[in-house]
Structures are given as structure tokens and as C-alpha cells.
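Read the figures in this text as sums done on the coordinates, not as results from a lab. The structure displayed is predicted, hence computed values, not measured ones. Glycine gets a Cβ as well: all are built from the backbone with ideal geometry, and neighbour counts include every protein chain shown.
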């Protein structure tokens, strides 16, 4: 079983990645388990930040590394909060405050379309000249009233009209099947399998 450093301290993301990668022969070890501090995220795109995080985790661990940078983009706000989704309200990972700020920013706006973005990067080493890079989107709408208690982040306010459910009302297996992260990981797995041939 190949060890893979996951460049995340987010327990919810770690759980999702372990579930999604369970069929493959990887032992997922989060960077917090390895004692690795989080990388800086100075870039203005999801892909650049994910690449920086993957290279950082690989350099610190000596292992291949996987990183994602993800967030939600509200169309009426020009794509905000975007790369700042986890710290939109000023404190990293304060989901309740982030959601309150997003709902307040959308007050009075009729355009409620939004999409989640997931940029996923895998490097075999810190200096890998050919990182595997995938970016996907998951479309929905922002609703004022939270629904459901599954998921995390903006999921309770991310409504999927075709299912008449919020992302937080989906069972984890269903969410992993259709989410931005699930889509990205399936594309990454396809790239890995293609390279192995």
C-alpha cells in the first residue's frame, strides 16, 4: 500500500478523501498526522494554491502528496468568496460565520446561482515536473435557510434544485458521487490509471 500525504488539516475533507480513495491502494495520511504545518496560500487561483499545498506537503513528508483547494463562488458576487471561502468571515474554518456573511452579502439579490470549485493536485515529489491537475465545478443555488446536518462548509445553504435537497441533506455516499470533490477525484484517478498503462 502506497502512502500518500494529504495536504489538509480539515477532518471533514480527510474523511471524504479516505472514502473516495478507499478502492485504490493508498494509505492516506493527513498532514496534521505527520506534524506538517499548513502551507501558505498566497495565490489568486484554486489551482495555484492546491499546487503550493501539494509541493509543501511532499517536501515536508518525503511522500507523494495530494492537495485540494476548494470553495464556493456566488455568481451575484462576482465569484466571491472563492479562494477565501474557508476564511470569508475572517476566521479560518468558522462555518457558521462564513455562511452568515454569505447570506448577508446576497440579501436583496435575485440571482442565487453558485458553484463549488475543487482544484485537485497530486505530486509524486516536491519537485515533480508533471503534477496531475484537475479542476471541477458543482452547480447549485444559495438558500437563506440552512437545510440538513450532513456535510460541512456551505453545504446547508447549497441547494440542488434537481434533487430538491441541500448538499447537507445528502447521504455522504451520494454527495461523494456528485460533488465537486468527487468529480475531481474520479478525473484524477482516470489520469493515474492512464499514466500507469
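Annotations
For (1) surrounded by 13 or more Cβ atoms within 10 Å (Cβ to Cβ); (2) touching a strand residue (DSSP E or B) at 6+ places or on another chain (Cβ under 7 Å); (3) more than 27 Å from residue 57 (Cβ to Cβ), each residue gets a yes or a no:
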position	(1), (2), (3)
145	no, no, yes
153	yes, no, no
167	yes, yes, no
181	yes, yes, no
186	yes, no, no
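- Test: residue 76 is crowded, with 18+ Cβ neighbours inside 10 Å and either touching a strand residue (DSSP E or B) at 6+ places or on another chain (Cβ under 6 Å) or not in a strand (DSSP E or B) (or both): no
- Qualifying residue in the stretch 122-144 (condition: under 20 Å from residue 11 (Cα atoms), within 18 Å of the chain's Cα centre (by Cα), touching a residue at least 60 places away in the same chain (Cβ under 8 Å) and not in a loop (DSSP other than H, G, I, E, B)): yes
- Scanning the stretch 154-172 for residues that are touching a residue at least 60 places away in the same chain (Cβ under 8 Å) and more than 17 Å from residue 115 (Cβ to Cβ) yields a single hit, 172.
- Counting only residues that are in a strand (DSSP E or B) and surrounded by fewer than 16 Cβ atoms within 10 Å (Cβ to Cβ), the stretch 1-45 holds 3 of them.
- Lone qualifier among 107, 101, 174 - being within 24 Å of residue 26 (Cβ to Cβ) and surrounded by fewer than 21 Cβ atoms within 10 Å (Cβ to Cβ): 174
- Selection count, the stretch 182-197, where residues are more than 15 Å from residue 132 (Cα to Cα) and in contact (Cβ under 8 Å) with a residue 40 or more places away in the chain: 1
- Test: residue in the stretch 117-128 that is closer than 19 Å to residue 69 by Cα, surrounded by fewer than 20 Cβ atoms within 10 Å (Cβ to Cβ) and in contact with a strand residue (DSSP E or B) (Cβ under 6 Å, 6 or more places away or on another chain): no
- Residues being free of Cβ contacts under 8 Å to residues at least 12 places away in the same chain and within 19 Å of the chain's Cα centre (by Cα) - total across the stretch 99-121: 0
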